[in-house]
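Please treat every number below as a calculation from the coordinates, not as lab data. Model, not experiment: these values are computed from the prediction. Heads up, the Cβs are rebuilt from the backbone with ideal geometry, glycines too, and the neighbour counts pull from every protein chain shown.
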Amino acid sequence: MRRFGEEAKTFTLPAVRSGTLTALLTWGWRQARTGKPAELWRFPRCAPIYPGMANHPRAASATDVDAIGTGDAGLGASLVRIGKIMARPELAKWRPVMVIALVLTLASKVFAVYAPVFFGDAINRMTGPNAAMAAVIMLLTWWTGARLLSSNLPYLRDALFAPVSQDAQRLIAVESYGHAQGLSLAFHQTRRTGALNRVIDRGVAALDYLIRFLAFNIGPTLIELALAAFVLSTRYSWVSALVAVVVVGLYAVFTGLLTNWRTEQRRKLNAADTELRALAVDSLTNFETVKAFAAETRETERYDAAMRVYNKNMVEVSRSLALLNAGQDVIMALGLTAVAGITAVATFNGQVQAGDMAAVVLIMSNLYRPLSVLGWAFREIKQGAIDLEKLYGLLDMKPEVSDAQDAKPLQVKGGEVRFENVSFTHDARSAGIDGVSFTVPAGTKLAVVGPSGSGKSTLLKLLFRFYDTKGGSVFVDGQDVRGLKQESLRDNIGLVPQEVVLFNASMKENLLYGRPDASDEELREAARRAQLLEFIDKLPKGWETRVGERGVKLSGGERQRVGIARAILKNPAILVLDEATSALDSATEADVQGALDEAAKGRTTLMVAHRLSTVAGADEIIVLSEGKIVERGTHHELLDAGGLYADLWSRQSRAHDLAAEAAAQRVA
């Protein structure tokens, strides 16, 4: 692996995405469970917390941890949702294909019922007094054709319906993903990436199952049962038809009872699966921390503990499934034996011929095949409904911060920012912002300083409208941010955070995130102003160099400069610096500070800083303590006042001098 900067302090791993590695692990689960190859993208439709993990470190309820609601996933609700999806205008182009697929399904059921009749008639013509080879050959030809059509029409249907199913899955997946993206910051600070991804993955897969089973299994199989009962009663014996209906009824009752019993097992399995995925993604994403604390063995043990709980639940599900299948087979066998016995007695009594007995047995056998599928389909539908619970809950969640119905785009007039008697308290904290008021005139720089926990970063989040104020208002160019479209507001604010997190993509793609339509000339100019261009040009692959997951292949200073270049490229009216140099050493800070000063030229700049040396040139500095403004003024005015700011400056200066003396002694 390659580090791209002399300042790089991070550990490095092969350049694979944590999601890709998790997918490989999941693929292994499926292979181990089935003994068959599995498509990489299809994860086990199974299933965080459950009895075994209760005492394990960091274990908690998946619902509590991820704050993802649970919706109504009953069969009725599922049918309504599927109907709405299939009725969407985006799927209108597939309406003829849907009709053709349904016709093919029904036609295959008709051929499946009548194929045995042709076979039975062929036997009767062979054994009867009026045996005729030509008639037998014709009936066998019809029987063969009916069998082929009954078995192959569904394949044609699946081929036709595949793009419909994929389009429907895409719609619901994109809707779920977009909805999750649109939820408020508080939700994303609570949920785990692996758990959220698993909820969407399982729910979308469940929708595909439900669409196929409800459209092509449940209804058509009931139609086949009605046709079979009609043929049995009109051509052979009403008793056989009655037995067939009774057996199907017993089969349905038995399947329903055991499937309902298995529902809770399925929920536990889903919880175990979600926890396992979330744990794997969380650990793989934070591999630097794992390695720094030599916790590889500990994380492997956590993974093993979660896997054991998953395995335990999978065993229970597998055993109950074996019991269900065994009971279904017993009911089928007894029903087939009863019909065969009734027809045999009728044959000896001269009521029907030998070929009729063969036809009846084949009809019942053909009926049991879709009946077996129907039982499986019913299990899948119940299972799919469980899988949809979380997806429905996610889709039903409303963002805590949303655009007003009459929200308007921001009209930029210079970039003035005004906080007017603003108050805000986090749910998890007793203290917050209390009655804060200040104005940042367009094109000027205001710095916010103060002890940790005084509310500095909260002010920035309120400006971005990640949260709504509990009292007072925030204005941008005289417009209350609550009356603006969030996208428009944030499009006009550039952010350089304390820790710039990058995508596992090329350097060029990461910079273009600030403005995707920027030209190459604009891109290079932004990199130059951020003091990044020379570094990029020296990389082996230049602009196409991949930076690793979250930018781990770059040093802290290099990541900060990428963040600055991205903000410059965005060209916002307002620039927000959230302790943009606090994580850097003094030498790197000086270089980055020059880039920040370049980025701030001509813009309204609101900066939060821990190191007071970086804010000395601000037009105004406000000092926060316990959520209130206790001092305000320029750097020199605040030093002369001898208050909290002067005390903080004195402490930092003393610490800097001591560090310099220690460094000099080490050199000596």
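Other residues whose C-beta falls under 9 angstrom from the C-beta of residue 514 contribute a net charge of +3, scoring Lys and Arg +1 and Asp and Glu -1.
Residue 79 to residue 254: FRET efficiency via 1/(1 + (r/R0)^6), r the Cβ-Cβ distance, R0 22 Å, to the nearest 0.05? For residue 79 and residue 254, the calculated efficiency is 0.40. With 0.36 nm allotted per residue and the present C-alpha distance subtracted, the residue 148-residue 87 stretch has 18.7 nm of extension available.
Placing pseudo-labels 7 Å out from each Cα toward the beta carbon at residue 470 and residue 365 gives an inter-label distance of 7.5 nm.
Peptides 626-638, 551-563 ordered by packing proxy, namely the average of other Cβ atoms within 10 Å per residue, highest first: 551-563, 626-638. Between residue 311 and residue 480, the simple spin-label model (points 7 angstrom out along Cα→Cβ) gives 6.0 nm. Working note: Cα atoms of the stretch 413-548, range along each principal axis, descending, whole Å: 52, 34, 25. Full extension of the chain between residue 616 and residue 177 gives 153.7 nm of extra length, using 0.36 nm per residue less the Cα-Cα distance. Compared with the direct C-alpha span, the chain from residue 95 to residue 218 gains 42.3 nm at full extension, assuming 0.36 nm per residue. Each label point was placed 7 Å from the Cα along the Cα-to-Cβ direction; for residue 318 and residue 597 their separation is 6.8 nm. According to the calculation over all Cα-Cα pairs in the stretch 235-329, the P(r) per 5 Å bin from zero is 3, 12, 15, 13, 11, 9, 9, 7, 6, 5, 4, 3, 2, 1, 1, 0 %.
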